[in-house]
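Colleague: Take a look at this one; I'll ask things after.
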């Protein structure tokens, strides 16, 4: 195999600086062909198959493919360009076809079946046994039992779905970046803090404009909706944001995701019916902790029943305050965040902007590392001499007892060509190599915080601090695994509705005085967050928590009900369903042009279809897991070791419910979540 193309070798770290989009298609072709040839080679006698004769050599060959895909799929999210977008789209089609080919390979399925039925199956390690069990389920979900003509239909549908999801994400990014508002009169930005105005000035400068430029990126939208005294400006930005990628708003029809959404839903239903399921929700839950979509609806409805009365009280309080103090007798959607911030400041005398100086990004990172060191006995050091894709990106090494066990690339700041939000993704997965070495795990940790401006450090809100801890929790799940079997190593093989457990769990330390003492440090004085501000922060923690809860329940119920439908996927029907869910649980006003669903990337461009509820499901698990630390000490050495050894180290090698029960000593309880959120129904 030639090394002219750097993607053809399973590099220890991605060769970012050697990469060009032209390498993608030929590399994918060569790597996929190589894996296919290996599969055919090891299947000479499927009935005599063993782990070592079949699965191990295939996984070794797949390593280069996985590592190459991890490079350019990541770059497509953080360094978008027309050339990379085109190359990625073609590669996505190749990978989807290959995945379907593997999933419908009768000989490979027979080999896995033979391995599972061998007398010595129990002699395999627990992770190996679980990987075989999960693979057999995935074969069935890939249409292995279908007649040949239906397998072809299935393969076509899966490829079309992959392309449609990518188109949805690309149009959402294009719609987000297409709208701007140029401001030259600073008085129009009255109320905005200096940090926000500096960000808008930087956006203008990047476009060779004077003044300030408002965009639909979150570091721009959120400050405007939260602080701008100019109500007309808030309305204009709000309307542009909630109608983007739709048939409404300033770019009406140009990047409309409505037809894409309809096609995705129709094709998902066709796949479900081919596999013998009622609808996509059944397919989704086949690999999750929850037993059925109906059980999920009951779970969500019960949470809504507990939270809705308090949410209505919170909104009534907000409306009365806005009418009396802000001369807003009738709250509009673009007033809610603004009025909420004013009420929060009046009630608790604390704002996110007031907290920013205490959370310089570099200080928060040091505090994050110290938190994890105390909990899990690992240490962190910046790496040197590595390739990168942007000057802002840093590589860090993770050590245990002086031994390198993992690495992660940290990409903190928003910039053009980088999709919004925050996420963790796999760069390298821990796995045993054929020469008895281990490929150590490497993670991508990506956020979109306000970048340093004019030599001044980036200052985070407390909300952003919790976001960083959240994503790092995912990273720890990936990096601190001790499982060497790739399909169940780290986050692989973990039930989707349990995968948020470590991430939400780690957020808790952002609220603890003992931890904030070293997480925070004033940008000028280096003093930690003062006691009076901490008390205000803690008092404000559950401000409008019930309103926030029902908003998330709205998304979760919409997603699950939508994917429990077997027909009626046109744009109007989807809108009608969302309106019905909002009538059930929403307490805030809405406008007719709100097309939230057209930008719901989690379920149309990501992996959360019929799975968005997992955030709520995992919140129950994470709150209950943390309650053990509350009982035994938030830095209790044994409790931290138990969480690492039981939850993090095992990855997907054992069922999530079994691992949780082993850590907590009982089934999960919803009470800690309600208590942590200040929901009075507790």
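Every number in this text was worked out from the coordinates using simple rules, so none of it is lab data. No experiment lies behind these values; they were computed from the predicted model shown. Backbone-built Cβ (ideal geometry, glycine too); neighbour counts: all protein chains shown.
Colleague: If r is the Cβ-Cβ distance from residue 583 to residue 548 and R0 is 30 Å, what FRET efficiency results, to the nearest 0.05?
Modeller: Once the sixth-power term is evaluated, E becomes 0.95.
Colleague: Right, something else. In which sequence would 17, 235 go, from the one with the fewest C-beta neighbours within 10 Å to the one with the most?
Modeller: Ranking 17, 235 by Cβ neighbours within 10 Å, fewest first, gives 17, 235.
Colleague: Please state the Cα pair-distance histogram of segment 180-242 with 10 angstrom bins from zero: what percent is in each bin?
Modeller: Bins of 10 Å from zero give 24, 63, 13 percent of pairs.
Colleague: I've got another one for you. Please report the antiparallel percentage of DSSP beta bridges with both residues in segment 357-524, rounded to the nearest 5.
Modeller: About 75 percent, rounded to the nearest 5.
Colleague: Continuing with this model, one more query. Taking R0 as 51 Å, what's the FRET efficiency between residue 149 and residue 400 from their Cβ-Cβ distance, rounded to 0.05?
Modeller: For residue 149 and residue 400, the calculated efficiency is 0.45.
Colleague: If you don't mind, there's one more thing I want to ask. Tilt of helix 571-585 relative to the longest C-alpha principal axis of the chain, in degrees (0 to 90, nearest 10)?
Modeller: Orientation of helix 571-585: about 60 degrees from the principal axis.
Colleague: Given the C-alpha centroids of segment 154-191 and segment 442-521, what is the distance between them in whole angstrom?
Modeller: The two parts, judged by their Cα centres, are 25 Å apart.
Colleague: Please compute the contact order of the chain in relative form: average sequence separation of alpha-carbon pairs under 8 Å and at least six residues apart, divided by the residue count, as a percent.
Modeller: 16 percent
Colleague: Can you give me the Cα centroid spacing of segment 630-678 and segment 314-329 in angstrom?
Modeller: 41 Å
Colleague: Just round it to a whole percent: the fraction of Cα-Cα distances in the chain exceeding 33 Å.
Modeller: 50 percent
Colleague: How high is the relative contact order of segment 357-524, given as a whole-number percent (alpha carbon pairs under 8 Å, six or more residues apart)?
Modeller: Relative contact order of segment 357-524: 27 percent.
Colleague: To continue, here is another question. Exposure proxy check: 356, 428, 666 ranked by fewest other beta carbons within 10 Å?
Modeller: Going from sparsest to densest Cβ surroundings: 666, 356, 428.
Colleague: Relative to the longest principal axis of the chain, what angle (0 to 90°, nearest 10) does the C-alpha long axis of helix 614-632 take?
Modeller: Once rounded, the angle reads 80 degrees.
Colleague: Add -39500 (n - 2.57) for each DSSP H run of 4 or more in the chain, then divide by its residues: what number comes out at 222 nm, to the nearest 500 deg cm²/dmol?
Modeller: Helix-only estimate at 222 nm: -17500 deg cm²/dmol.
Colleague: Test of understanding: ordering 593, 532 by Cβ neighbours within 10 Å, fewest first, what list do you get?
Modeller: So the ranking, lowest neighbour count to highest, is 532, 593.
Colleague: Please report, for the Cα atoms of segment 307-352, the Rg to one decimal and the Dmax as a whole number; what are they, in angstrom?
Modeller: When restricted to Cα atoms, segment 307-352 yields Rg and Dmax of 10.4, 29 Å.
Colleague: What's the angle, to the nearest 10 degrees (0 to 90), between helix 24-42's Cα axis and the longest principal axis of the chain?
Modeller: The angle comes out near 40 degrees.
Colleague: Next question, about the same structure. For segment 3-110, calculate the relative contact order in percent as a whole number, restricting contacts to Cα pairs under 8 Å that are 6 or more residues apart.
Modeller: Here the relative contact order equals 36 percent.
Colleague: FRET efficiency for residue 18 and residue 454, Cβ-Cβ distance as r, R0 = 45 Å, nearest 0.05?
Modeller: The pair residue 18/residue 454 has a calculated efficiency of 0.85.
Colleague: Next up: Extension gain residue 110-residue 194, at 0.36 nm per residue separation less the Cα-Cα distance, in nm?
Modeller: 23.8 nm
Colleague: Within the P(r) computed for segment 6-164, what percentage of the Cα pairs occupies the region above 29 Å?
Modeller: Value for segment 6-164 (Cα pairs over 29 Å): 26 percent.
Colleague: May I ask you to compute the full-extension gain from residue 667 to residue 50, defined as 0.36 nm times their residue separation minus their alpha-carbon distance, rounded to one decimal in nm?
Modeller: This chain segment gains 218.5 nm when fully extended.
Colleague: A further question on this structure: Can you pull the semi-axes for segment 537-682, root of five times each eigenvalue of the Cα gyration tensor, sorted largest first, whole Å?
Modeller: In descending order, the three semi-axes are 34, 20, 12 Å.
Colleague: Can you tell me the length gained on complete extension of the stretch residue 567 to residue 83, counting 0.36 nm per residue apart and subtracting the Cα distance?
Modeller: Between residue 567 and residue 83, full extension yields 170.5 nm more.
Colleague: For segment 237-342, what is the largest minus smallest coordinate of the Cα atoms on each principal axis, given in angstrom and ordered from greatest to least?
Modeller: Sorted largest first, the three principal extents are 58, 41, 16 Å.
Colleague: Between residue 9 and residue 535, with labels modelled 7 Å along Cα→Cβ, what's the label distance in nm to one decimal, could you check?
Modeller: Going by the 7 Å Cα→Cβ label model, 6.2 nm.
Colleague: Follow-up question, since we're still on this one. What is the spin-label model distance, in nm, from residue 437 to residue 266 if the labels are put 7 Å beyond Cα along the C-beta direction?
Modeller: In this crude spin-label approximation the distance works out to 5.1 nm.
Colleague: Take residue 229 and residue 120, extend 7 Å from each Cα along the Cα→Cβ direction, and tell me the distance between the two endpoints in nm.
Modeller: With each label placed 7 Å out from Cα toward Cβ, I get 8.0 nm.
Colleague: Cα-Cα pairs above 19 Å in segment 357-524: how many percent?
Modeller: When every Cα pair of segment 357-524 is considered, 57 percent fall beyond 19 Å.
Colleague: Please give the peptides 450-457, 555-562 ranked by average Cβ packing (other Cβ atoms within 10 Å per residue), highest first, as a rough proxy for protection.
Modeller: The densest-packed peptide leads the list: 555-562, 450-457.
Colleague: Considering only DSSP beta bridges whose two residues both sit in the chain, what percent are antiparallel, to the nearest 5?
Modeller: 80 percent
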